[in-house]
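Asks: Take a look at the following structure, please.
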Amino acid sequence: MPLRDARSTLEQTLHQCFGHSPVPTCVCTRSAHMVYQNLAAQRSVVTSPGNEQAPQLSDHLCPESLKTLRDGFQQLSSQHPAQSFVLRPSEPEGGPRTVQAYIFGDHDHIVLTWPASAAPTLNLTETSEANEHSYRTIAQGTHDAIWEWDCARGTLTWHSGLHAVFGYDDSNLDSTYDAWLKHVHPDDHDRVVTSLDRALARGAQAWVEEYRFRRADGSWAHVVDRGFVVDSDSQGPTRLIGGLNDVTADRLANATIRQQARLIEQTHDAIWVIDFENTVRFCNPSVERLFGTDRRHLIGAPLSVPDYEAAAPSIDMMRRRGLWQGVAHHRTTAGEEVILEERWSLLVNEHDHPQAILIVGTDITERRALLSQFLRAQRVDSMGSLAAGMVHDLNNMLVPIHFGVEFLRLQLDRTNAEVNEVLIEIAESVQGASAMLHHVLNFARGETQLPEPLDLPHIISEVFRVAMHGHAHRISTHLDYRARRWQALGNPPQIHQLLLNLCINARDAIASSGHVEVAVSELTLSAREAAVHPDARPGDYLRIDIRDNGQGMSDAVRARIFEPFYTTKEPNHGTGIGLPTSMAIVRSHGGFMTVKSAPGEGAIFSIFLRAV
């Protein structure tokens, strides 16, 4: 349709609705461009008389009033469907210096009206038929139920639209004010009556209220009711016209949208929306929680590219396929790893045209860690069975070595002290290896031995001798034994292995020269002090501190040192089972262990064994 024909059709429609109304009425766009004014408006002081070409409002309002009106146009919405203003014409010419005006509407076109008292008096009798025709035309052209209230007589006349919108006809809805009130929801009744009474009492020329109205089938409709004063006398308003607009569908849609928005805001999954330039247009609070970045800094910025376990998604691929799923490894602002299971979906508009890409990421970092620990535990269980067989075979291999050493000692000259010392050391090593193998076998079988008093000075001295063999030229050792009253009970081979593991780690942490110290002291823990450590209980303890001045550990490394098979040593230099085994030994003795360390400041491993 040509633009001129479309404009002509619009003007004809508006003229049918408002042309014969005694109330000055204009229809404007949101930019304050006037597209129509009725005859009453043309005669009014706000617009120039005789001008039938719908001039601009800027020609007839002062700048301040024009700005107020434009701001009001922009603020109209379904939540605020009507507003009133005091406007001042640019050239009053003896007419009113101000005019109380009203606007309503929530779409592209907005209705502007003001009281008839601002315009020359019209013969309402002559226009009554035209008014009735106007009301009917308006009712047929809108989705509102149009009403007219004669305040003096108490009659409320419903024009066509009441049946189409709410299912009523003249037989089941009386034309009275009281009949209307009976159809207002009981919870809204007092509020609506009070609102209407207050509006009329203060001389307001417009009234807007939202409430629930009963339909003919008994259901409740959410409605927005707008009324305007068209006649009044010295006692107040005498006649109002208005419309009842059913907004139930809008309210339900808005409620659904709000509920969906709350779900998006509250979900634990990270959600992004990106455009086809890879720019983030939306992200929910879970993105902030996972990555430690304010989402205001993320929106409008490019989406960071993580490490993907499979082929990475791309914009072109999403345009073709519309879906992608995979695992991505992200980094937080603190440098920690976050693993997300991501699902990418192509968003389209109502015409099926691609609009954006939705990304939903589920945090599986903890799940992956638990899976890894489970697999490690399975490996440890498997190693237990394997170790039992290896211990048996190794023990059989040590038997001939042991007898061979004893045979050599008998055959060789005992006066050769150097050779005799080497043979004695070999014999002791064989005996120690045999004892350790038996301990490993018992540990693998889950068997326990009766605890016995621990000779800690002897065990520590033996540990120093074995751990520092070949390193005495660069690492010095010291034993500070101050436990004179109490002793600990336990399994000597296990405690030997525990201290040997820790001393070897202390030795390996020293790159060149350094010092390793073992201090034994007595300690009593109160209930408050014991509560700090999960494995601790109040009571008496022997505390064994293994201190070195090596390279130390970062917080990230310290948090993982007791994980099975985790090691910071070079390949073929560490197994990652020494510290987990040490922790297991301490716990099996009813004790606990703590670690203090910082990069460049060495480390202190503290063992707490129950004392007797």
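Asks: Hey, does the stretch 241-259 have a residue that's of a type in the set (Lys, Arg) and part of a helix (DSSP H, G or I)?
Replies: So far as the stretch 241-259 goes, yes, one or more of its residues are of a type in the set (Lys, Arg) and part of a helix (DSSP H, G or I).
Asks: Can we say SER588 is crowded, with 19+ Cβ neighbours inside 10 Å, under 27 Å from LEU489 (Cβ atoms) and modelled with pLDDT of 75 or more?
Replies: no
Asks: Regarding LEU502, is this residue outside any loop (DSSP other than H, G, I, E, B), touching a helix residue (DSSP H, G or I) at 6+ places or on another chain (Cβ under 6 Å) and touching a residue at least 40 places away in the same chain (Cβ under 8 Å)?
Replies: Answer is no for this residue.
Asks: What's the total number of residues in the stretch 231-242 that are without any contact (Cβ under 8 Å) to a residue 24 or more places away in the chain and among the β-branched types (Val, Ile, Thr)?
Replies: 0
Asks: Next question. Pairs needed: first member in the stretch 354-368, without any contact (Cβ under 8 Å) to a residue 60 or more places away in the chain and outside any strand (DSSP E or B); second member anywhere, surrounded by 15 or more Cβ atoms within 10 Å (Cβ to Cβ) and of a type in the set (D, E, K, R); C-beta distance under 8 Å; at least 6 residues apart or different chains.
Replies: Partner pairs satisfying both residue conditions: ILE364/GLU341.
Asks: Still on this structure, I have one more. Could you name every one of the strands (runs of 3 or more DSSP E) located completely within the stretch 1-95 that has at least 2 residues being modelled with pLDDT of 60 or more and over 49 Å from the mean Cα position of the chain (by Cα)?
Replies: 34-37
Asks: What number of residues within the stretch 587-612 satisfy the criterion of being assigned to a loop (DSSP other than H, G, I, E, B) and closer than 30 Å to SER513 by Cα?
Replies: The qualifying residues number 5.
Asks: Also, I was wondering about something else. Just one of SER606, SER554 is within 25 Å of PRO451 (Cβ to Cβ) and surrounded by fewer than 19 Cβ atoms within 10 Å (Cβ to Cβ); which is it?
Replies: SER606
Asks: How about the stretch 515-544: which of its residues are crowded, with 17+ Cβ neighbours inside 10 Å and closer than 22 Å to HIS496 by Cβ?
Replies: VAL516, VAL518, ALA519, VAL520, TYR541, LEU542, ARG543, ILE544
Asks: Of the residues that make up the stretch 319-340, is at least one open to solvent by 50 Å² or more (accessible area, probe 1.4 Å), basic (Lys, Arg) and within 24 Å of GLN266 (Cβ to Cβ)?
Replies: Checking the stretch 319-340: not a single residue is open to solvent by 50 Å² or more (accessible area, probe 1.4 Å), basic (Lys, Arg) and within 24 Å of GLN266 (Cβ to Cβ).
Asks: Among the residues of the stretch 136-157 satisfying the criterion of being at pLDDT 80 or above and among the polar types (S, T, N, Q), which is farthest from the chain's Cα centre (by Cα)?
Replies: This residue is THR155.
Asks: Does at least one position in the stretch 267-277 carry a residue that is assigned to a helix (DSSP H, G or I), within 15 Å of ILE359 (Cα to Cα) and at pLDDT below 85?
Replies: No, the conditions are met nowhere in the stretch 267-277.
Asks: Just one of PHE276, PHE228, PHE291 is closer than 30 Å to ILE146 by Cα and touching a residue at least 12 places away in the same chain (Cβ under 8 Å); which is it?
Replies: When all the criteria are applied, what remains is PHE228.
Asks: Are any residues in the stretch 325-353 under 26 Å from SER554 (Cβ atoms) and not in a loop (DSSP other than H, G, I, E, B), and if so, which ones?
Replies: Selection gives ALA328, HIS329, HIS330, ARG331, GLU337, VAL338, ILE339, LEU340.
Asks: Follow-up. Hey, any hits in the stretch 296-309 for a residue that's surrounded by 14 or more Cβ atoms within 10 Å (Cβ to Cβ) and assigned to a helix (DSSP H, G or I)?
Replies: yes
Asks: Only one of these is at pLDDT 85 or above and closer than 25 Å to GLN83 by Cα: ARG202, ARG191. Name it.
Replies: ARG191
Asks: ILE359 - would you say it is crowded, with 16+ Cβ neighbours inside 10 Å and not basic (Lys, Arg)?
Replies: In short, yes.
Asks: A further question on this structure: Hey, can you tell me all the residues within the stretch 528-549 that are part of a loop (DSSP other than H, G, I, E, B), of a type outside the set (D, E, K, R) and at pLDDT 90 or above?
Replies: Those that are part of a loop (DSSP other than H, G, I, E, B), of a type outside the set (D, E, K, R) and at pLDDT 90 or above: PRO538, ASN549.
Asks: Restricting to helices (runs of 4 or more DSSP H) lying wholly in the stretch 156-235: which have 2 or more residues that are buried (at least 20 other Cβ atoms within 10 Å of the Cβ)?
Replies: 162-166
The values are calculated or read from the model by the stated rules, or taken from the named source; none is laboratory data. Since we're looking at a predicted model, the values are computed, not measured. Cβ atoms come from the backbone with ideal geometry, glycine included; neighbour counts cover every protein chain shown. Areas reflect the complete protein model, heavy atoms only, side chains present, ligands, DNA and RNA absent. Shrake-Rupley method; radii C 1.70, N 1.55, O 1.52, S 1.80 Å.
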